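Colleague: There's a structure below that I have some questions on.
The values are calculated or read from the model by the stated rules, or taken from the named source; none is laboratory data. Bear in mind the structure is a predicted one, so any value in this text is a computation, not a measurement. A quick note on method: Cβ atoms are made from the backbone with ideal geometry, for glycine too, and the neighbour counts reach across all protein chains shown.
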Amino acid sequence: MATNNSLLIDLNDDARETAKALYDRLESDRKNYTDRAEINAQYTIPALFPKSADTPSTKYEVCNQSIGARGVNNLSSKLLLALFPANTAFFKLSMRADIEKQYLASGQQDVKQQIEQALMQIEQLVLRYIETNQIRVTVKEALIQLLIAGNALLFLPPAEGGAKLYRLSNYVCQRDGLGNVLQIVARDTLSYSSCTEEIRKLIDTDGVEHKSDEEVNIYTHTYFDGEQYQSYQEVNQQVLQGSEQSYPLLKTPWIALRFTKVDGENYGRSYVEEYIGDLKALDGHSEALLNASTIASHILFLVNPTGTTQARRLAKAKTGDFVAGKADDVSCLQLDKAVDMQVTMKMVETLERRLAYVFMLNSAVQRQAERVTAEEIRYVAGELEDTLGGTYSILSQELQLPLVRRLIVQLEKGGQIPELPEGAVEPAITTGLEAIGRGHDASKINTFLQYMKMIPGSEQFVHLNTLLLETATATGLDVTGLIKTAEEIQQEQQQAQMQAMTQQATPELTKGFVQAQQGGEQPVPQQAK
């Protein structure tokens with residue numbers, strides 16, 4: 001990130017722009033995006049992006065179709081499976097290329113393999129941390145927000161663990177021309193009774209008595225100062241003492257997400273926005289068809305007022321009763337709109353087919369099982385590439401990679417993993433058809449073994465111990481105490497040689513002992529040859 005895009009802020013300067021003022025100023029640039037998000041939510045899941053005037057007790061209008069809600073839930077689940085496959089590492093920690101070459105050039109292949117095993121164990125710890133802190137659940141919510149609103153903000157608290165999601169209506173951001181985040185202002189709304197004592201002191205400076213259920217806005221401003229990100233919190237336009245934090249450039253806990261990248265814009269566009277026309281049309285035609293079918297299902301019988309048949313007797317008559325009258329006096333009121341309703345029905349079916357394709361509702365790519373195979377994950381990723389045109393790949397750079405980097409920092413500070421040398425180890429994210437991390441390496445090893453079977457005698461040119469260790473690392477298996485080391489193999493070979501020499505010498509010693517007994521002489525031990 002270029003330093004000329006940095007923001008230099010003096011918190012002690014009384015003339016500085018407060019975080020609330022900055023939030024209000026940037027809110028106007030965000031309004032068009034939130035307006036579109038509200039419309040998108042109206043035709044999918046209204047509760048996921050309520051309007052600013054809505055409250056928890058607000059009753060939303062019933063949508064006349066369920067394709068939007070089904071599509072968003074289905075597509076977000078497939079994205080989650082491709083980006084964060086269960087029980088499989090979605091990233092791979094690798095040594096820098098020049099460092100790896102140094103180990104290979106110096107003949108320290110065993111050291112390189114041990115380092116790769118240690119990195120694989122760190123990968124497993126990161127995955128376990130994601131599961132135990134319910135980060136996958138928050139990421140699933142973020143993916144739904146990306147589909148509807150096109151934007152979301154993730155925050156990974158440095159101390160508490162876990163992750164928090166901010167909707168687009170609760171934060172503003174500013175980016176440079178390349179899309180790098182310059183500053184973010186997030187707004188948290190708490191009740192007065194749930195605030196800490198330090199926050200209450202800042203609130204009470206206005207001299208007004210506050211009720212326990214009164215809402216209080218807390219603004220967190222994060223900005224880039226040219227070298228790293230700085231952050232502080234503000235309450236009642238005053239900086240909360242002790243809230244100042246600084247984060248490395250690539251390891252900030254604030255992750256601003258976009259579904260699609262639009263050059264020159266601070267926010268992204270949503271997936272639902274691209275097909276809102278079909279959703280609106282389907283909703284309108286579904287409503288018309290519902291109203292027409294409701295009217296058509298309302299059955300009314302007409303009785304000739306001048307005829308001999310009495311409506312009162314017909315209403316009271318039971319099944320099988322005889323009633324005096326003429327059949328011509330009674331008729332059923334019909335709508336006579338069957339042809340028109342068929343036209344509407346065909347249009348509804350056409351819209352449903354189009355939307356089912358874009359939301360991937362017609363494909364069954366995952367079995368109902370506890371474990372999902374790597375082939376199924378590859379299938380999901382490939383279908384996402386075909387349907388979304390590769391647009392989801394941006395999430396590897398703006399979601400997966402920052403998330404992994406930040407989680408590694410938190411685990412290092414917590415002492416759960418050793419501190420990695422700066423710049424020596426980097427996570428590599430694989431997306432698309434390779435969205436299964438180390439599983440792709442296992443696939444390559446399997447292909448290599450298949451080719452070995454086709455070449456007679458090729459196994460004698462392969463280091464079996466190295467192949468076993470590479471296979472275990474690729475499959476995510478911890479081989480501590482499982483695969484023998486070179487020293488253990490050497491010791492076993494020496495023991496086997498000694499045992500073979502002993503077995504060869506035993507018959508000769510026995511023969512000499514028998515001969516000595518028969519000749520009355522003491523047996524003389526013979527040297528083993």
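Colleague: Which residues, counting only those in the range 349-373, are hydroxyl-bearing (Ser, Thr, Tyr) and modelled with pLDDT under 85?
Modeller: Taking the range 349-373 as the starting set, the residues that turn out to be hydroxyl-bearing (Ser, Thr, Tyr) are 350, 357, 363, 373.
Across the range 349-373, the qualifying residues are 363, 373.
Colleague: Now a separate question. State all residues of the range 280-304 that are in contact with a helix residue (DSSP H, G or I) (Cβ under 9 Å, 6 or more places away or on another chain) and in a loop (DSSP other than H, G, I, E, B); if no residue qualifies, say none.
Modeller: The one that is in contact with a helix residue (DSSP H, G or I) (Cβ under 9 Å, 6 or more places away or on another chain) and in a loop (DSSP other than H, G, I, E, B): 304.
Colleague: Would you check which residues across the range 195-231 are of a type in the set (Gly, Ala, Ser), at pLDDT below 90 and under 35 Å from the mean Cα position of the chain (by Cα) and list them?
Modeller: 226
Colleague: Working carefully through the options 249, 178, 257, find the one that is assigned to a strand (DSSP E or B) and either out of contact with any Ser or Thr (no Cβ under 6 Å at 6 or more places or on another chain) or farther than 20 Å from residue 19 by Cα (or both).
Modeller: Criteria check complete, one pass: 257.
Colleague: Condition check: part of a loop (DSSP other than H, G, I, E, B) and of a type in the set (Gly, Ala, Ser). Does residue 152 satisfy that?
Modeller: No: the conditions fail for residue 152.
Colleague: Just the residues that are assigned to a loop (DSSP other than H, G, I, E, B) and either in contact with a helix residue (DSSP H, G or I) (Cβ under 8 Å, 6 or more places away or on another chain) or of a type in the set (Val, Ile, Thr) (or both), please, taken from the range 305-330.
Modeller: 306, 307, 308, 309, 319, 323, 324, 325
Colleague: Across the range 191-223, which residue is farthest from residue 21 (Cα to Cα) among those that are surrounded by 15 or more Cβ atoms within 10 Å (Cβ to Cβ), out of contact with any helix residue (DSSP H, G or I) (no Cβ under 8 Å at 6 or more places or on another chain) and among the aliphatic types (A, V, I, L, M)?
Modeller: Out of the qualifying residues, it is 199.
Colleague: Regarding residue 82, is this residue at pLDDT below 90, over 27 Å from residue 415 (Cα atoms) and within 15 Å of the chain's Cα centre (by Cα)?
Modeller: yes
Colleague: Could you list, in sequence order, the residues of the range 316-346 that are exposed (fewer than 13 other Cβ atoms within 10 Å of the Cβ) and in contact with a strand residue (DSSP E or B) (Cβ under 9 Å, 6 or more places away or on another chain)?
Modeller: 331, 332, 333
Colleague: Of the numbered conditions (1) of a type in the set (S, T, N, Q); (2) under 28 Å from residue 401 (Cβ atoms); (3) outside any helix (DSSP H, G or I), residue 121 fails exactly one; give the number of that condition.
Modeller: (3)
Colleague: Quick check on residue 70: is it surrounded by 11 or more Cβ atoms within 10 Å (Cβ to Cβ) and out of contact with any strand residue (DSSP E or B) (no Cβ under 7 Å at 6 or more places or on another chain)? Working first, answer last.
Modeller: Numbers: surrounded by 11 or more Cβ atoms within 10 Å (Cβ to Cβ): yes; out of contact with any strand residue (DSSP E or B) (no Cβ under 7 Å at 6 or more places or on another chain): yes.
Judged against the criteria, residue 70 is a match.
Colleague: Next question, about the same structure. Would you confirm, using the coordinates I've provided, whether residue 101 is of a type outside the set (Phe, Trp, Tyr) and either touching a helix residue (DSSP H, G or I) at 6+ places or on another chain (Cβ under 8 Å) or not in a helix (DSSP H, G or I) (or both)?
Modeller: So residue 101 does not fit the description; no.
Colleague: Further, regarding this structure: Considering only the range 23-41, I want to know if a residue exists there that is outside any strand (DSSP E or B), touching a residue at least 24 places away in the same chain (Cβ under 8 Å) and surrounded by fewer than 16 Cβ atoms within 10 Å (Cβ to Cβ). So that I can check it myself, show each step before the final result.
Modeller: So the first thing to find is which residues in the range 23-41 are outside any strand (DSSP E or B), and the list is 23-41.
Subset that is touching a residue at least 24 places away in the same chain (Cβ under 8 Å): 23, 26-27, 29-30, 33-34, 36-37, 39-41.
Restricting the remaining residues to those that are surrounded by fewer than 16 Cβ atoms within 10 Å (Cβ to Cβ) gives 27, 29.
Looking through the range 23-41, at least one residue is outside any strand (DSSP E or B), touching a residue at least 24 places away in the same chain (Cβ under 8 Å) and surrounded by fewer than 16 Cβ atoms within 10 Å (Cβ to Cβ).
Colleague: Which of the residues belonging to the range 42-65 are under 24 Å from the mean Cα position of the chain (by Cα) and not in a helix (DSSP H, G or I)?
Modeller: 43, 44, 45, 49, 50
Colleague: What residue, of 145, 183, is assigned to a helix (DSSP H, G or I), surrounded by 14 or more Cβ atoms within 10 Å (Cβ to Cβ), modelled with pLDDT of 95 or more and of a type outside the set (A, V, I, L, M)?
Modeller: Details: 183 fails: assigned to a helix (DSSP H, G or I).
145 is the lone residue from the list that is assigned to a helix (DSSP H, G or I), surrounded by 14 or more Cβ atoms within 10 Å (Cβ to Cβ), modelled with pLDDT of 95 or more and of a type outside the set (A, V, I, L, M).
Colleague: Given 297, 293, 331, 286, which one is closer than 28 Å to residue 345 by Cβ and more than 60 Å from the chain's Cα centre (by Cα)?
Modeller: Of the residues listed, the single one that is closer than 28 Å to residue 345 by Cβ and more than 60 Å from the chain's Cα centre (by Cα) is 331.
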